[in-house]
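In what follows, a structure is listed as structure tokens, so that the remarks can point back to it.
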Amino acid sequence: MKLRAKLRKVALYATIGLGMPIAFLACNEDVLNTLASTTDTVAALKEALTIGSKTAATNLGQEGGYLNDLAVKIGVPEEVTTVVELANTPAGKTFLTAIGASVFNEDELVTLMNKAAEEAAPKAAGIFSNAITSMTISDGETILFGAENAATEYLRDKTYDGLTVTFGEVVRGTFDQVSVSGHTLNDAWSGFSSYYNKLADLKSSPKGQLAMLTLKAGLSAAGKSDIYNKVDAIQAVNTDLGEYVTGKALDGLFVKVADKEKGIRTNVAERTSELLQRVFGRLDE
């Protein structure tokens, strides 16, 4: 039995039970239609988000799902960028060698972070599903007729903090499962952060201050004073990479959920159920 018909039947029984005139039901036809329409809209939005999250989790969980997609590829943290820029200058290489900080492999770190996200992605579907099921959508009509990613943004606003915790546990669990050339992500980041923190501690010793002055002169002569300023501003970095990778992995999932939402909104062929066709069909009118 269709939802609208069920609502009418419930209202009819309630009306008869209260001894009120049957005409009361007719007078409230608009109310019943509105209630049924709102319920349908919320159900359709949740269905669209569920499809989007499952599709995103499946596609990003494939080999190269993150790494080969520029829209979601996880790049190195800002701290890494500073050291990469430094290492790519003659003065920087000399400086790093002098303080005993070997240059790490940036490509390896990028590959490992993306492989970790890909390993975790399939498990995101269930986490998203639980969040969507328990989510209360307070204004379905506004979301339906909103921007092409309005439902995804609503989901993000309502669930991001909770997903960061639950999905973060999954992401961290992959850090010792993926490897490149025998190095895990934990190995790679621990190695990088340890010598990065040497840079942060350098300025507290006379030898370090002298090395910084030498670096400044070398970079200034090469027209790279901006790199020196970044190095001079370095603070100790957290050796825990989990928060960074989790945030980037989640951002990628939401990008793909939004893509699917847009598809359902604009492409009739992607409305794979009668409910989606009925509700999102209203956007075509």
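In the chain, Cα pairs under 8 Å separated by at least six residues give a relative contact order of 29 percent. By how many degrees, between 0 and 90 and to the nearest 10, does the Cα long axis of helix 150-172 differ from the longest principal axis of the chain? For helix 150-172, the angle is close to 50 degrees.
Work out the P(r) tail for the range 118-159: percent of alpha carbon pairs separated by more than 11 Å, whole number. More than 11 Å apart: 68 percent of the Cα pairs in the range 118-159. Solvent-accessible area of the chain (1.4 angstrom probe, protein heavy atoms only): carbon and sulfur portion equals 54 percent. A 1.4 Å probe run over the chain, with the rest of the protein chains in place, finds 51 Å² accessible per residue. When shorter helices are ignored and each DSSP H run of at least 4 residues is given -39500 (n - 2.57), the per-residue value for the chain at 222 nm works out to -22500 deg cm²/dmol.
Once the Cα atoms are used to define both axes, helix 124-134 deviates from the longest principal axis of the chain by about 40 degrees.
From largest to smallest, the equivalent ellipsoid semi-axes obtained for the chain from the alpha-carbon gyration tensor read 56, 18, 16 Å.
The values are calculated or read from the model by the stated rules, or taken from the named source; none is laboratory data. It should be emphasised that the depicted structure is a prediction, and the values quoted were computed from it without experimental measurement. When the accessible area is computed, the model is the full protein with side chains, heavy atoms only, and any ligands, DNA or RNA have been set aside. Shrake-Rupley method; radii C 1.70, N 1.55, O 1.52, S 1.80 Å.
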